[in-house]
Amino acid sequence: MRRLVIFLAVFGNFALTVSAQDSPHRKDTSRLPAKPRPALDRKKYEHRKFDSTLFTENAAATRSDYLESLEKTFLLLDQVSVTLGTLTQLDDLQGRLTQEQSALALLKSRLSQSEKTFNIRNLQMFNTLLDELHRNETVYSKQLNAYDNKVDSVQKQITGLKKDTLMLHIFRDTALTDSFRDQLGQLRDKWRQADSLIKTNTTVIDDLKVLSSENTIAIEELTSKVDNELKAVGGRAFGKERPYLWEATGSVTPTPTNTGFVNSVSSEQKLVRYYFSNTRNKRFWLLLTGLAFFYWVFFNYRSLRRMNVLNVLDEFHFLFLRPWPVAATLVFLLSLAPLFDIHAPAIYIESTQFFLMLVLTVIFYRLLPKDLFRGWCIFLLLFLLVPLTRILGLPVHLERWTDLLQCAASATLGSYGLLVRKRWIPGPDNRFTGARANFVIGAVCLYVLLNLAAIWCNITGRVTLSQIFGDTAVYALAQIVSLTVFVRVVVECFLLQIQSSRVRKKYPVHFDFGQIARSVNRGIAVLAALLWLIVFSTNLNLFDAISDWLTDALTTVRTVGSLPFTLGGIFLFAGIIWIANFLQRYITYFFGDVGDDAAMDDKGQRSRLLVMRLILLTLGFLLAVAASGLSVDRLTVILGALSVGIGLGLQSIVNNFVSGVILIFDRPLRIGDTVEIGDKRGKVREIGIRSSRLLTEDGAEVIIPNGDVLSHNIVNWTLSNNHTRVSLQFNVVKPAKPDDLSTEAIQDIVKKNDNVLEHRDPEVLLNPISSKQLSLRVFFWCKDFNRVPLTTNEVQSDIYRYLESKNLLLE
């Protein structure tokens, strides 16, 4: 043991000596005189020296450590340029914010002028533009904050370099500085470049944030001013704003000069251009929808033309669809324009409606009788007078007389139309439109009433209210006519899709399209009514008020017990469910399946469509739950409550639903199969979620709950194929010679029938009944189960004729 201790002590002294020699920065103490140590402390000192050198590692930094620290610093500085290089939209943001500043300056200048230089249409446009500016400003502010956070993160990383002790040691030690001179020179250049980038981007971002804040403040101020002006206009509208129309005009405030009017119109045009340039994405999606519609109609016409069967469309009497559906596409596109930009300024609605009226004029030129077309042209001229009066900038008194004449002429035209309505209201054989007569009459009555109200308001000095009623009358009737054509165009497109799909799948071209057209018409009419209400409320200056009221009513959180909910979530839930149900009902039309017997033989397609309908309903329900904001734990509570109801009284409904899902995916029977379920036999016409329908040979439709279908034994005659074996029996006279009754001849007779399988030979059996009679039995296989009765009759007649020719039939 003593020898082991002595060896470890000697080895420890040797390790200390080597370590002192190898360390380049350790101070050389070999030449210094040794300090005398007390004899008692020497043993402790040696023991401590042994512990620190043998079992601890040397922590002195080496050259590789310094190089590694330099490499990390280089990488960090390179990352600065990479990170700041992602701030690519600063120039674009600066241009947009500067453009917004110019638009706000124009708005401020317009609002600072006399209120006579703009009417309620101008105020509506200003309000819409400010809303768009506010939305843009929110987006810009978020993007600038994200950029600012990136720069701050880079700055924190750069600041962290000051805490790197190795880098500080390099700069403090002259020997190390000389050793890494080249690396430090490159590092200095990198540092200056990174510092310059950080300072430049920080300055730019700060300037843009200041500009964004200024724009936000200006937007809030101008929005408040426009809202106050709109409220003031609404308050003044029901009071007397001007003298009576027959009074002298001297008391009327003078109108602005021509130069002021030109400037105001120019600034308004600039504001409109700014709005359209910043909302082009909305029109992009509208244009994309129009192109898809055009290609849809064009493709269906092209497929029918290639098959040379365009005549199959004659029974539909299409009014607006053509092989090149340019006019129909424009009607579809312009009618949907308000839906893609609900908050668009009034001039946008006026422009789209103007182009739509021109397209309708071209269409009506070939459809309407001459006297009715002349009436339409007069209405078009009166329609053009509405925006033209505002653009010309007439004096107020002259503008009132112009509006009076325009409203009087419109009321006269509408009244005349009502008097002769029997000549232009479409009857059952009229090809003009599918609109109901009462709907058209109601639209014309509204047109007349609004014009009469505008005349009374104009005479009594309520100019603003007169303008509102006059504009609303014209645009309401124009849009009702255009939406009527729009609905008919969509219905015609559905019928075209159904017919082209049926022709491609070789279904019969004749089907009952009346019920389909009426059901599709009802669905599209809901969308048309929504579009009309949007434009109608905008013209009456009620859209913003209604929108704000609905937003507040739909987003307010209400509670029933401990369950919070919003009316918006409920309506959204119901709306998505309705859309999903609408789609699953009409999705089959796109594939030519209208529920008739023609498509029942295409079992694969019917099964796929059935699965697609179930998927649409399931996805619609899940999407409705997600969109309504109902949390999962609340849904669990509701499902728990429903489970109690299921256990008490909804067992049969759930059983039928689950059985329907099993029938859809397990497919023991498919649409078009001939089956026997219990004592019922027929062809499967429909497999629904709750029940299935069988079409019997007598034409009756038997509705069987899905639970009953699975609880009975199912005999499916056409599950894997349509083949079935037929048996025929004849009693014949025993022939005198065996050759007189040839089984081969009977087999040949059976094989001649087209519905008999070729690869399975018929079987003919002869069994004696008595010494003079034989029983002749014939077995063969039919290709198509549905043609078994006809095939049996044909084969049986042929065999009878053969036996009769051989005199083998019993008398």
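The values are calculated or read from the model by the stated rules, or taken from the named source; none is laboratory data. What you are looking at is a predicted structure, and each value in this text was computed from that prediction instead of being measured. Heads up, the Cβs are rebuilt from the backbone with ideal geometry, glycines too, and the neighbour counts pull from every protein chain shown. Heads up: the accessible areas ignore ligands, DNA and RNA and are worked out on the full protein's heavy atoms, side chains in. Shrake-Rupley method; radii C 1.70, N 1.55, O 1.52, S 1.80 Å.
Can you work out the base-10 log of I(q)/I(0) for segment 443-566 at q = 0.11, 0.12, 0.20 1/Å, using the Debye formula on its C-alpha atoms alone? The computed values of log10 I(q)/I(0) come out as -0.65, -0.71, -1.07. When only alpha carbons are used to place a centre, segment 307-378 and segment 457-526 end up 10 Å from one another. Heavy-atom accessible area with a 1.4 Å probe sorts GLU697, GLU315, GLU804, largest first, into GLU697, GLU804, GLU315. Residue by residue, segment 141-155 carries 3J(HN,Hα) couplings of 5, 5, 5, 5, 5, 5, 5, 4, 5, 5, 5, 4, 4, 5, 4 Hz when phi is fed to the Karplus relation 6.51 cos²θ - 1.76 cosθ + 1.60 (θ = phi - 60°); x denotes Gly or Pro. Measuring nothing but protein heavy atoms, the accessible surface of segment 749-789 at 1.4 Å probe radius is 49 percent carbon and sulfur. Toward the positive end of the charge dipole of segment 648-770, with +1 on the Cβ of Lys and Arg and -1 on the Cβ of Asp and Glu, the farthest Cα among SER711, PRO762, ALA745 is that of SER711. When each of the peptides 397-410, 173-186, 324-337, 484-497 is scored by how many other beta carbons lie within 10 Å of its residues on average, the order from highest to lowest is 484-497, 324-337, 397-410, 173-186. Per-residue packing, averaged as other Cβ atoms within 10 Å, sorts the ranges 187-194, 441-448 into the order 441-448, 187-194, beginning with the highest.
Taking TRP532, TRP456, TRP376 and ordering them by how much accessible surface each has at a 1.4 Å probe, largest first, produces TRP456, TRP532, TRP376. For the cross-link pairs LYS72/LYS209; LYS225/LYS270; LYS282/LYS370, the ones whose C-alpha atoms lie over 31 Å apart are LYS72/LYS209; LYS282/LYS370.
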